[in-house]
1. Once the other residues with Cβ under 14 Å from the Cβ of B:Gly143 are scored (Lys, Arg +1; Asp, Glu -1), what is the net sum?
2. Evaluate the relative contact order of chain A (contact order divided by residue number), counting alpha-carbon pairs under 8 angstrom at least 6 apart; express in whole percent.
3. With all protein chains present, how much of the accessible area of region A:6-60 (probe radius 1.4 Å) comes from carbon and sulfur, to the nearest whole percent?
4. Tell me which residues come under 5 Å, amide H to amide H, from B:Thr54 once H is placed; ignore anything under 5 positions away on its chain.
5. Indicate the helices, whole DSSP H runs only, in chain B that combine a mean Kyte-Doolittle hydropathy of -0.5 or more with a Cα extent along their long axis of 30 angstrom or more.
6. Whole number please: convex hull volume per residue of the Cα set in the protein assembly as shown, in Å³?
7. Rounded to the nearest 100 Å², what's the accessible area chains A and B bury against each other, both chains counted, probe 1.4 Å?
8. Given a cut-off of under 8 Å on Cα pairs at least six residues apart, what relative contact order in percent is computed for region B:81-275?
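The values are calculated or read from the model by the stated rules, or taken from the named source; none is laboratory data. Only a predicted model underlies this, so the values are computations on that prediction, with no experimental measurement involved. Please note: Cβ atoms are built from the backbone with ideal geometry, for glycine as well, and neighbour counts cover all protein chains shown. Surface areas here come from the heavy atoms of the whole protein model, side chains and all, with no ligands, DNA or RNA. Shrake-Rupley method; radii C 1.70, N 1.55, O 1.52, S 1.80 Å.
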Amino acid sequence: MTRAKGPRRNNIGVHLALSLGAVVMMFPFAWQILMSLSTNAEVQSVTPHLWPETLRWENYAEVFRQLPFLDQLGNSLFITVVRVLAQIAFCTLAGYAFARMQFRGKALVLAAVLSILMVPSQVYLLPQYEIIQDLGLLGSVGGLVLPGLFSAFGTFLMRTAFLALPAELEEAARLDGANPFQVFWHVMLPLIRPSISVLAITATLWSWNELLWPLVVTTESSSMPLSAGLATLINDRTVNYPVVLAASLLATAPVLILFIVLQRRVIDGLATSGMK
Amino acid sequence: MTTTTQPVRAPSSDKPKKPRRDGFWPWLFVAPLGIGIAVFYLWPIVQTAWFSLTEFGVFGGTTFTGLSNYQELFSNGDLYKAIGNTLLYTAIVLLNVPIAVVVASLLNTPGLRGASVYRVLYFLPYVAMPTAVAMVWRIIFNGDFGVLNRVLGWFGIDGPYWISTPGAAIVAVSVVGLWSSIGFSVIVLGAGLKQIPPELYEAAELDGASRWRQFRSITVPLLTPSIAFLSVVTVIAGFQLFDMLYAVLGTTNMNATVFDSMSLVYLFYQAGFVTNDKGLAAAVAMVVLVLVAVATAIQFRLQKKWVHVD
């Protein structure tokens, strides 16, 4: 009997252990899909119902009939797209200046921006709420989106990316008479595209899933994003379990699909941002 | 604003590099972000510190009340309960790190097929919206028809009403937190494992070291920087517990157990936006700031003792 190469010998055990773990990790999603296709009575029955008697796809139609799902989806999409674009614009500009330009007071301004990274969000949330209230933006998408346009973390990420680039390219462009914005736009920005995609991914994930801020600035369920809209359903006894489960799946599906499609990029990006 | 015109400079003349001045350009670059950060983050931090020393009037306006918000906070049991719950949650969620060390090193097995599929499966709970997975977890934990208690029943364990029993509820929320945090740690540790030179394992193999011995003597020590990073991140995130708690347990006016399971951030939310005692909420926020700073400082201090540096 010939044996496979050395390192392969224990792989069946490894697969067994990893699949067991994966089953546990995936169980809530699987259960959610099954229950979202069941009747309310099946979900709550004391005798086990592993598989629904008939698959009730109409529960998904009920989501749109019973809940302001499309409004909330629109809000989530809007705030996420606007925040991601704004963070990319503001953080790359500032990150470039902090990494590659000389100006008086740079160290101080940079320290002030980065100090935000160490402050828990509750510390600035109350005054942010007051500002939004004073601007008359409570309950509007403007209020939802505003503080999240600016990101200290994103600035840190972009600064790190620009610091890693060689100085020669920049010098050459400057000698050719390009102004600093042209150097930034045509030469340097294209070089940090991978880091920009990391910023876009982390900002999307954060904006899509965030709960506390939308919860405090909105009260009408049609002006909430999906995260807050679903949270307020938890105690709502007028909506059936399967319909809430279906709505939850529809709400989280876009990010899950996005991350499955972009997995390599996401995983590499998070790993590097995690390792500084 | 200064409008210095840049003198044309010879390409490579002066050896000790004089710092180049960029005139007003850097300020243009920094301004959009800088103004936003100043208005929405920096100034609010100062304001919260001030709010914590004041009482908000019913018709607007604030009165300076010194330390009375802090006195109220420290004399009333809610704060200690919230700290206790937050620490318990953090402790349980920290278990994600050892679990992820095992998963990541299994994924790192040479010649393993399908590693990227496993990685995605472990990662999805981290990406999923907390409020979207909360409902199914409520159903799994349900005391009457929940699948968890049914499974526990097979082993002769009579599970509690998880969501509505004080004490059990915070454990339930912690389990969900643990489930959702493993994926991120697996990714970070996976990157850490890539840094370990394969020759170390080959040498160990030649010396006849067992898999377990290699794991203990090579993998774990060389992963300590990643493990240290993950513990700091987990503790900071643990102190921020809100979404999962709110989503799984619901609001206080519906479920009295939530009062007993409150986290620090929930206490902040409750004071600031439910009972509208903004001064007290600001004091809670300041306490969280101090606690996070202390916890992080302690961890950095301790890490000098166990983190491998080369």
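1. Summing Lys/Arg as +1 and Asp/Glu as -1 gives 0.
2. 30 percent.
3. The computed percentage sits at 71.
4. Amide H neighbours of B:Thr54, under 5 Å, 5+ apart: B:Thr65.
5. Span-like helices in chain B: B:168-194, B:278-306.
6. In the protein assembly as shown, the Cα hull volume divided by residue count equals 209 Å³.
7. So the total buried area for this chain pair works out to about 9000 Å².
8. Relative CO of region B:81-275 lands at 36 percent.
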